[in-house]
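A.B. asks: Right, I'll just put the structure down here and ask away after.
FYI, it's all coordinate maths here, none of it is from the lab. All figures in this text were calculated on a predicted structure; none of them were measured in a lab. All Cβ positions, even for glycine, are placed from backbone atoms using ideal geometry, and neighbour counts span all protein chains on display.
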Amino acid sequence: MRTRVGIIGAGPAGLLLSHLLHRQGIDSVVLELRSRDYVEQRQRAGILEHGTAEVLRASGAGERMDRQGLPHEGIELRFDGRSHRIDLTAGTGGRSVMVYAQTEVVKDLIALREQAGGAVLFGAEALSVDGVDTTAPSIRYRHGGAERTLDCDIVVACDGFHGIGRRSVPEGLLTVSERTYPFAWLGILADVPPSCDELVYAHHARGFALHSMRSPRVSRLYLQVDPADSTDNWPDERIWDELDTRFTTDGAWRLGRGPITEKGITPMRSFVAEPMRHGRLFLAGDAAHIVPPTGAKGLNLAVADVTLLARALAHWHIRQDETLLDGYSETALRRVWRAEHFSYTMTSLLHTDPGATDFDRRLQLSHLRYIASSGAASASLAENYAGLPVV
């Protein structure tokens, strides 16, 4: 089989890239290791930046998002037993975020590729990426019990942190920068209406907590835990009691409880591999970078990567000009490092570091109080949270 652009990974990055390329008249094939059911059910991020929502709308992929998503114009910080609202729209000239689960974005994009007759092969395991130093790269993969080859002009790896894409770059050509944090998130899904109208980020002596939502009937909540912890140590009642403690304020707010349908522990890391291109192989999304989820940037960075790459590929396809492709890595990495810094700042600001001194803790509280009391500091947080322009 032959195609113009071979894409590894049918997450939001790979699917959106294939959809954007189709709209420019560029054919592609998406290879996905997992089944369609698995891809459409796996739980991931749920906060779309203003620019991400605009990209989906402009591409024709935003109809259900606008119908079912939850627009949010602010977030809430909790510390010292008090609540402080950060007004996103006031701090950004009108930008906001959309609460709409990555799972739903993926379903929408799969449906669009299906309607257009796009080639998305589920259960297709990429085995190797070959010839990226030439003008005729290929992907060797296994599908339906047989090994096959997909010949391409360009290969784009959107296959995540553990995928084959980044590992296909010859050893020694990538510079890796990373940080591992001394805490993790215990995340739950619960069949209970959210107890808040906007996301609540809580800093507490016992650790960080986050109240998010997936719909008007489903809540998504997180607790800071030790990376070596296990969900076996967290029966439902203990989770609700700990959330109650960390969200406590001097006011009358109460946390609603309900059946917990899913639990999982997610480690926290920052990771960047650069450059995001080698020859005819391009990296996008988690294949090139990971951010801690505190800043809600992972999905949004992936969308920004492929939006930028789709524009560069269209320029190459229509004008036979590789200038934008040559600049892809440098341009994408400027946004990546801005998001890495914001995510690191939010993570360091809100979590309780087990190795922190009293001096460190007092600095955290001083910074939080400054954000809550300063219009300039609040606007800076709002600008980064709602997101910088995608391209």
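A.B. asks: Compare the Cα positions of Ala53, Gln364, Ser195 along the charge dipole of the chain (+1 at Cβ of Lys, Arg; -1 at Cβ of Asp, Glu; about the Cα centre) and return the one farthest towards the positive end.
C.D. replies: Checked the options; the winner is Ala53.
A.B. asks: Right, next: Mind jotting down a quarter of the surface of the convex hull over the alpha carbons of region 36-195, in square nanometres, one decimal?
C.D. replies: The Cα convex hull of region 36-195, projected and averaged over all directions, gives 14.8 nm².
A.B. asks: So what's the back-of-envelope 222 nm ellipticity for the chain, counting only DSSP H runs of four-plus at -39500 (n - 2.57) apiece and dividing by all residues, rounded to 500? Mind dumping the intermediate values first?
C.D. replies: Details: 13 runs with 145 residues, N = 391.
After summing the helix terms and dividing by residue count, I get -11500 deg cm²/dmol.
A.B. asks: For helix 12-23, report the angle its Cα long axis makes with the longest principal axis of the Cα atoms of the chain; keep it between 0 and 90° and round to the nearest 10°.
C.D. replies: For 12-23 against the chain, the angle is about 50 degrees.
A.B. asks: Right, next: Size of the dipole of region 21-89 about the Cα centre, Lys and Arg at +1 and Asp and Glu at -1 on the beta carbon, nothing else charged, in debye to 20?
C.D. replies: 180 debye
A.B. asks: Treating only the Cβ atoms of Lys and Arg (+1) and Asp and Glu (-1) as charged, compute the dipole magnitude of region 99-245 about its Cα centre; round to the nearest 20 debye.
C.D. replies: It comes to approximately 280 debye.
A.B. asks: Going by Cα centres, region 262-304 and region 135-175 are how many Å apart?
C.D. replies: For region 262-304 versus region 135-175, the Cα centre distance is 17 Å.
A.B. asks: Another question about this same structure. Taking amide hydrogens as modeled 1.01 Å from N in the peptide plane, which residues meet the under 5 Å criterion relative to Val156, leaving out close sequence neighbours?
C.D. replies: For Val156, whose amide H was placed from the backbone, the distant partners under 5 Å are Gly6, Ile7, Ile8, Phe282.
A.B. asks: Which of the peptides 258-269, 147-158, 343-354 is most tightly packed, and how do the rest follow, going by the mean number of other Cβ atoms within 10 Å of each residue?
C.D. replies: Result, highest mean Cβ count within 10 Å first: 147-158, 343-354, 258-269.
A.B. asks: Follow-up question, since we're still on this one. Long-range amide H contacts for Leu199: which residues qualify at under 5 Å (H placed 1.01 Å from N, peptide plane, sequence gap of 5 or more or a different chain)?
C.D. replies: Glu76
A.B. asks: Also, quick follow-up: Top mean-square fluctuation among Ala356, Ala379, Ala314, Gaussian network model of the chain, C-alpha springs under 10 Å?
C.D. replies: Checking each option, the largest mean-square fluctuation is seen for Ala356.
A.B. asks: Hey, another quick one. Just to confirm the filter: which chymotrypsin sites (Phe, Trp or Tyr not before Pro) across region 238-324 are DSSP coil and have at most 16 other Cβ within 10 angstrom of their Cβ?
C.D. replies: Trp253
A.B. asks: Expressed in nm to one decimal, what extension gain is obtained for the pair Ala146 and Asp191 from 0.36 nm per residue of sequence separation less their Cα-Cα distance?
C.D. replies: Between Ala146 and Asp191, full extension yields an extra 12.0 nm.
A.B. asks: I've got another one for you. Where nothing but the Cβ of Lys and Arg (+1) and of Asp and Glu (-1) is charged, how large is the charge dipole of the chain around its Cα centre, in debye to the nearest 20?
C.D. replies: Dipole about the Cα centre, nearest 20: 360 debye.
A.B. asks: List, in order, the whole-Hz ³J(HN,Hα) value for each residue of region 115-132 obtained from phi through the Karplus relation with A = 6.51, B = -1.76, C = 1.60 and θ = phi - 60°; use x for Gly and Pro.
C.D. replies: So the Karplus estimates, Gly and Pro as x, are 4, 8, x, x, 8, 10, 9, 8, x, 10, 8, 6, 9, 6, 10, 10, x, 6 Hz.
A.B. asks: Would you mind pulling out the separation of the Cα centroids of region 223-248 and region 339-391, in Å?
C.D. replies: After rounding, the separation between the Cα centres reads 23 Å.
A.B. asks: Please turn the phi angles of region 98-106 into ³J(HN,Hα) values with the Karplus equation 6.51 cos²θ - 1.76 cosθ + 1.60 (θ = phi - 60°), one per residue in order, whole Hz, x for glycine and proline.
C.D. replies: 10, 8, 7, 5, 4, 3, 6, 4, 4
A.B. asks: Rounded to the nearest angstrom and ordered from largest down, what semi-axes does the equivalent ellipsoid of the chain get from its C-alpha gyration tensor (root of 5λ)?
C.D. replies: Semi-axis lengths for the chain are 37, 22, 21 Å.
A.B. asks: Semi-axes of region 236-377's equivalent ellipsoid from the Cα gyration tensor, sqrt of 5 times each eigenvalue, largest first, rounded to whole Å?
C.D. replies: Each semi-axis is √(5λ); the values are 39, 20, 15 Å.
A.B. asks: Give a residue-ordered list of calculated ³J(HN,Hα) values for region 294-308 (Karplus: 6.51 cos²θ - 1.76 cosθ + 1.60, θ = phi - 60°; whole Hz; x for Gly, Pro).
C.D. replies: Here the 3J(HN,Hα) series is 4, x, 6, 10, x, 4, 5, 5, 4, 5, 4, 4, 6, 5, 5 Hz.
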